[in-house]
1. Criterion first (more than 10 Å from DNA strand C (Cβ to nearest atom), part of a strand (DSSP E or B) and either within 26 Å of B:Trp89 (Cα to Cα) or not charged (D, E, K, R) (or both)) does A:Thr16 satisfy it?
2. Is it the case, given these coordinates, that B:Lys6 is at the interface with another protein chain (Cβ under 8 Å from one of its Cβ atoms) and within 15 Å of DNA strand C (Cβ to nearest atom)?
3. Determine, yes or no, whether A:Arg49 is within 8 Å of DNA strand D (Cβ to nearest atom) and either open to solvent by 10 Å² or more (accessible area, probe 1.4 Å) or part of a helix (DSSP H, G or I) (or both).
4. Return the residue satisfying two criteria in turn: it lies in the range B:61-100 and is among the basic types (Lys, Arg) and away from chain A (no Cβ under 12 Å), and of such residues it is least open to solvent (accessible area, probe 1.4 Å).
5. Does B:Ile118 satisfy being in contact with a helix residue (DSSP H, G or I) (Cβ under 9 Å, 6 or more places away or on another chain), open to solvent by less than 80 Å² (accessible area, probe 1.4 Å) and facing chain A (nearest Cβ under 7 Å)?
6. Can you tell me how many residues within the range A:61-76 are touching an Asp or Glu at 6+ places or on another chain (Cβ under 6 Å), in a strand (DSSP E or B) and near DNA strand C (Cβ under 10 Å from one of its atoms)?
7. Going by what's in this entry, would A:Tyr97 be described as modelled with pLDDT of 90 or more and within 16 Å of DNA strand C (Cβ to nearest atom)?
There are 2 protein chains.
Amino acid sequence: MNAQFKRGIIELCVLTALLEEDKYGYLVINEISQYLDVNENTIYPILRRLTMDGCFTTYLEESELGAPRKYYRLTQKGLKQYKELRDEWDQFIGGVYQILNQGGKKSEEVFERISQRIKE
Amino acid sequence: MNAQFKRGIIELCVLTALLEEDKYGYLVINEISQYLDVNENTIYPILRRLTMDGCFTTYLEESELGAPRKYYRLTQKGLKQYKELRDEWDQFIGGVYQILNQGGKKSEEVFERISQRIKE
DNA sequence: CACAGTACTGTGCGGCACACAATACCTATT
DNA sequence: AATAGGTATTGTGTGCCGCACAGTACTGTG
């Protein structure tokens, strides 16, 4: 999976995951890695950075099966950050689709035509 | 505009722009910058890199208003690269939407509820 | 005790957007 | 002739961040 694609978006995914309820790090990682190929070396630093930036507060809670879990709770600043990032993302992705889908979706037939043109 | 979002995607946009017809650098830049905030310092290096990689061949053609234009023409390898990158992109973006839109789109009413929860 | 799940920290690398800068060619305008 | 603007290339440097790799540490279970 192209690592470049993920740049900046994972941060938005982390904020989204923590929007409606507090979660501990491992849970966030497991949820996100269901859909995207990311690991803890990427998510933990983002959680830390966003906490440093004031987007989350944290608290520890006992776990039934291991070390205590560190829960992350969104702050007002985190919510604001989420909204801004989401708006930017939606706007960005709108532009990308204008470019990628100009002339509609590409079919195998279109690729065949392109392929023929290139050969000449 | 979040520069991180663009990572890797501009390359796909450049390939897409040159899919159906040969174009010169400035035209590609103008087309893409209609929809995304990018400038020549980003596009030219990508055109050069992809040419180095064998995705494009180039040829010069006289212009009516300035220096000769360098046209870029997609190669079979470039078409292959486009397909691969596009597939990766579609797959990636599918995962992102799963995460971003879990529980449907966020409304102001939802944000109000989240905002209240955080205050407690 | 070993192991797995949970959690944090630190280092280093690579890739790329992009600012900044310099060069140069051609035409049209002043 | 000088200037400006569109076209085009090249090079340097910076910053960000995904992520590999590595090490530490706590807890309950087999």
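The values are calculated or read from the model by the stated rules, or taken from the named source; none is laboratory data. A quick note: this is a predicted structure, and the numbers were derived from the prediction, not measured. As a convention, Cβ positions derive from the backbone with ideal geometry for all residues, glycine included, and neighbour counts pool all protein chains shown. The protein model used for the area step is the full one, side chains on, heavy atoms only, and it has no ligands, DNA or RNA in it. Shrake-Rupley method; radii C 1.70, N 1.55, O 1.52, S 1.80 Å.
1. Against the criterion (more than 10 Å from DNA strand C (Cβ to nearest atom), part of a strand (DSSP E or B) and either within 26 Å of B:Trp89 (Cα to Cα) or not charged (D, E, K, R) (or both)), A:Thr16 does not qualify.
2. When the stated conditions are applied, B:Lys6 passes them.
3. For A:Arg49, the condition - within 8 Å of DNA strand D (Cβ to nearest atom) and either open to solvent by 10 Å² or more (accessible area, probe 1.4 Å) or part of a helix (DSSP H, G or I) (or both) - is met.
4. Top of the filtered list is B:Arg69.
5. yes
6. The qualifying residues number 2.
7. So A:Tyr97 fails the test.
Per-residue answers, yes or no, for (1) within 14 Å of chain A (Cβ to nearest Cβ); (2) open to solvent by less than 70 Å² (accessible area, probe 1.4 Å); (3) assigned to a helix (DSSP H, G or I); (4) in contact with a Ser or Thr (Cβ under 9 Å, 6 or more places away or on another chain):
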| position | (1), (2), (3), (4) |
| --- | --- |
| B:Leu27 | yes, yes, yes, no |
| B:Asn30 | yes, no, yes, no |
| B:Val38 | yes, yes, no, no |
| B:Asn41 | no, no, yes, no |
| B:Tyr59 | yes, no, no, no |
